[in-house]
Every structure is written in C-alpha cells, then in structure tokens.
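One structure is given below, represented as structure tokens, and several questions about it will come after.
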Amino acid sequence: MPFRKKNRSKNDIALIKAVSKRDEIAFRDLLNRFQHKIRNYAFRFLGDTEEAKDIAQETFLKFYRSIDNYRYSGSISSYLYTIARNLCIDYKRKKRPELSIDFHGPVSCGTPFDSLDSKENLNQIMLAVRNLPENQCSAILLRYSEGLSNAEVADILSISVSAVESLLVRGRKTLKKQLAGIDN
C-alpha cells in the first residue's frame, strides 16, 4: 500500500503541475477524479443537493484560481476537502438554511452510512450529523463517510491526530444520545 500512496503522490504532483500550466485535459482529469467525492462531502455536510453541486464547482474554481499558491506538502484530496469544508461552513453561517430531512442526494458505496436498512434512519442520522458542531461534523463525515484516515482528517482540519480522535469520540457520543430512539 505505501507503494501506491507514493505513486499517487507522484501522479498528484504531475497533475498539479499540468493544471498550473492551464492544461485543460489535466483539469478534467482532476475533476473526474475528485468531483464526486467533493460533491458527496458537501451534500452530507449541508443536506442540499443543489448547494452541494455549487460548493463542488466553487471548490474547483478556487483551486484553479489559486493553483500557483498550492504547496506540494499534502495530497490534492486534502487540499480540495479543506476548500470544500470552508465553503460549506461559510454557506451554513451565511444562509442558515433549513435542513431537508429527506435524503435525495448521492451516496458513495462502501461506507458505514450505506449499510443502513431504513431510509428513515438514514435521514435521522444525516440530520443529526449536520447538527453537530462544525468540527465534529467535519471529522465524522471525513472519517466515516469519506473513509479518510485520522491523519488525513487532521491535515484537512489543521489539527493534531489526537484532536481528531477527540472530535470523533465527542461526535459519536453526541450522535448516540441524539439517536438513542432509532431502532437498528
């Protein structure tokens, strides 16, 4: 697995360099590789399909505009998730939308959220996650929904791994209390 990560890192650097030279094919590759993940994350954070699409689009526009400032120290996905997270937080703070309880948005395969039997339970869980404090919500979504490691989540949130672990514990505890009445 470390071999794959090392190769991906080299591929990420090559992709970034191509995008920074305004290579449209490279930018399309970047979009194809990450757009679905970023849109799913934004949807899970906000609960609004259309707004999630806008957030994803704005994420890639911000990335493209600031490509010359990109530092090659982290992964592209961490950088994109960071941009998306900040846009989601800004949106929530400015708009304070009413959260939809109905789950209409995209779901990626293989996450703990996908194994639920009941759409109603999923709606309640997603609403509860969205109502967590921002850092707990981000940590829970990035770790369990997006499948990132604690180290990757720490990088995105600009905190230590132990702080991520603390956020996850507090978030799970809060969710457990909020969701105590749901039948599993």
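The values are calculated or read from the model by the stated rules, or taken from the named source; none is laboratory data. What you see is a predicted model, and the numbers here were worked out from it, not measured in a lab. Cβ coordinates were reconstructed from backbone atoms using ideal geometry, including for glycine residues, and neighbour counts include every protein chain displayed. In case anyone asks, the SASA skips ligands and DNA or RNA and just uses the protein heavy atoms, side chains included. Shrake-Rupley method; radii C 1.70, N 1.55, O 1.52, S 1.80 Å.
Could you tell me whether the stretch 11-34 includes any residue that is at pLDDT 90 or above, among the small types (Gly, Ala, Ser), part of a helix (DSSP H, G or I) and closer than 23 Å to VAL153 by Cα?
No, the stretch 11-34 has no match at all.
Kindly check whether there is at least one residue in the stretch 57-80 that is closer than 20 Å to VAL153 by Cβ, surrounded by 19 or more Cβ atoms within 10 Å (Cβ to Cβ), aliphatic (A, V, I, L, M) and touching a Ser or Thr at 6+ places or on another chain (Cβ under 9 Å).
Within the stretch 57-80 (the criterion being closer than 20 Å to VAL153 by Cβ, surrounded by 19 or more Cβ atoms within 10 Å (Cβ to Cβ), aliphatic (A, V, I, L, M) and touching a Ser or Thr at 6+ places or on another chain (Cβ under 9 Å)), the answer is yes, since at least one residue qualifies.
Filter the stretch 145-184 down to residues that are buried (at least 17 other Cβ atoms within 10 Å of the Cβ) and in a helix (DSSP H, G or I), then give me how many there are.
Of the residues in the stretch 145-184, 14 are buried (at least 17 other Cβ atoms within 10 Å of the Cβ) and in a helix (DSSP H, G or I).
One line per residue, one yes/no per condition, for (1) acidic (Asp, Glu); (2) under 13 Å from the mean Cα position of the chain (by Cα); (3) modelled with pLDDT under 95:
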site: THR59; (1), (2), (3): no, yes, no
site: TYR64; (1), (2), (3): no, no, yes
site: ASN69; (1), (2), (3): no, no, yes
site: SER75; (1), (2), (3): no, no, yes
site: TYR79; (1), (2), (3): no, yes, yes
site: THR82; (1), (2), (3): no, yes, yes
site: LEU87; (1), (2), (3): no, yes, no
site: ASP90; (1), (2), (3): yes, no, yes
site: LYS95; (1), (2), (3): no, no, yes
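Could you grab the pairs with beta carbons closer than 9 Å, sequence gap of 6+ or different chains, first residue in the stretch 114-140 and over 15 Å from ARG172 (Cβ atoms) and basic (Lys, Arg), second one open to solvent by 70 Å² or more (accessible area, probe 1.4 Å) and at pLDDT below 75?
Partner pairs satisfying both residue conditions: LYS119/ASP102.
Now, a different point. Step by step: first the residues of the stretch 127-144, then only those that are open to solvent by less than 40 Å² (accessible area, probe 1.4 Å) and over 14 Å from the mean Cα position of the chain (by Cα), then the one that is farthest from SER75 (Cα to Cα). Which residue is that?
ALA128
I'm checking my understanding of the structure. Among residues of the stretch 13-38 that are of a type in the set (Asp, Glu) and farther than 24 Å from GLU146 by Cβ, which one is surrounded by the fewest Cβ atoms within 10 Å (Cβ to Cβ)?
Across the stretch 13-38, the extreme among qualifying residues is GLU24.
Restricting to the stretch 38-83, count the residues that are free of Cβ contacts under 8 Å to residues at least 40 places away in the same chain and not in a helix (DSSP H, G or I).
3
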